[in-house]
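Heads up: the structure comes next, in structure tokens.
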Amino acid sequence: MRYLSILFMILLLSCGFSNKENKESKPPSTTNSAETNEQDAIQLAHDFDFPVGKPNAVGYYNAQPFGDNNHLGDDWNAETGVNSDLGDPIYSVAVGKVVFAEDLAGSWRNVIRVVHYLPNGLTYESVYAHCENINAKDGDWVDKGEQIATIGNANGIYLAHLHLEIRDSVGMLIGGGYSENQTGYIDPTAFIKSNRKPK
């Protein structure tokens with residue numbers, strides 16, 4: 001009987017019921033130093049440039065600006081027309097963190113979303129759609145002017161172009177690219193022009 005009592009006590013201790021202090025103690029922290037210091041690791045976006053023909057969109061034009069036909073972004077096309085810009089580089093408009101880089105299929109195809117942290121504490125998101133290839137992955141920090149993708153045509157659904165959105169509400173659903181409700185979206189060209197370093 002005494003042997004069974006000792007065995008039962010050992011079993012209870014091994015299950016973590018040894019005393020009140022152990023039951024109330026906090027579990028060990030599972031965060032590593034990188035997670036703990038993530039706030040310190042944020043890279044700030046001090047200024048913005050255009051996503052094609054860097055830095056001034058040389059050789060490109062805004063074929064369908066923000067607001068035209070309820071468009072929620074800008075469509076950047078090469079001045080040479082048709083599919084001449086298929087495979088041309090797409091650059092990050094500013095320093096930021098890639099939070100999404102996937103093929104959504106259909107008319108969106110490859111999409112990249114980059115979050116930009118400004119020195120004034122505001123946060124914006126740039127969205128690059130219809131990409132042919134993706135050169136960045138989730139979690140990457142990218143520099144302003146760093147190539148993140150190439151221009152695509154959504155597997156022939158469109159003529160090649162870049163659909164660019166700038167959002168002042170981070171993390172919204174991808175949406176449809178057109179809407180009368182512009183809440184969370186801002187004019188990309190106007191925003192970039194007002195947030196550029198003097199040249």
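The values are calculated or read from the model by the stated rules, or taken from the named source; none is laboratory data. Only a predicted model underlies this, so the values are computations on that prediction, with no experimental measurement involved. All Cβ positions, even for glycine, are placed from backbone atoms using ideal geometry, and neighbour counts span all protein chains on display. Remember, those area values only see protein heavy atoms, side chains included, never the ligands or the DNA or RNA. Shrake-Rupley method; radii C 1.70, N 1.55, O 1.52, S 1.80 Å.
What to note about this one:
- L104-K197 FRET efficiency (beta carbon distance; Förster radius 35 Å; 0.05 resolution): 0.60
- Remark: spin-label model distance W141-A41 equals 0.8 nm, labels positioned 7 Å along the Cα→Cβ axis.
- Simple spin-label estimate for V170 and A63 in nanometres, 7 Å along Cα-Cβ: 3.2 nm
- Accessible surface computed residue by residue for segment 31-140, with neighbouring protein chains in place and a 1.4 Å probe, gives 46 Å² per residue.
- Sorted on the mean count of surrounding Cβ atoms within 10 Å across their residues, most packed first, peptides 88-99, 73-84 read 88-99, 73-84.
- For segment 141-199, the solvent-accessible area with a 1.4 angstrom probe is 51 square angstrom per residue.
- Measuring only protein heavy atoms, the 1.4 Å probe finds L86 accessible over about 70 Å².
- Over segment 131-199 - Rg/Rh using Cα atoms and the Kirkwood inverse-distance radius: 0.98
- For segment 84-148: relative contact order, % (alpha-carbon pairs under 8 angstrom, 6 or more apart): 43 percent
- What a 1.4 Å probe finds exposed on segment 72-173 is 48% carbon and sulfur by accessible area, rounded to a whole percent.
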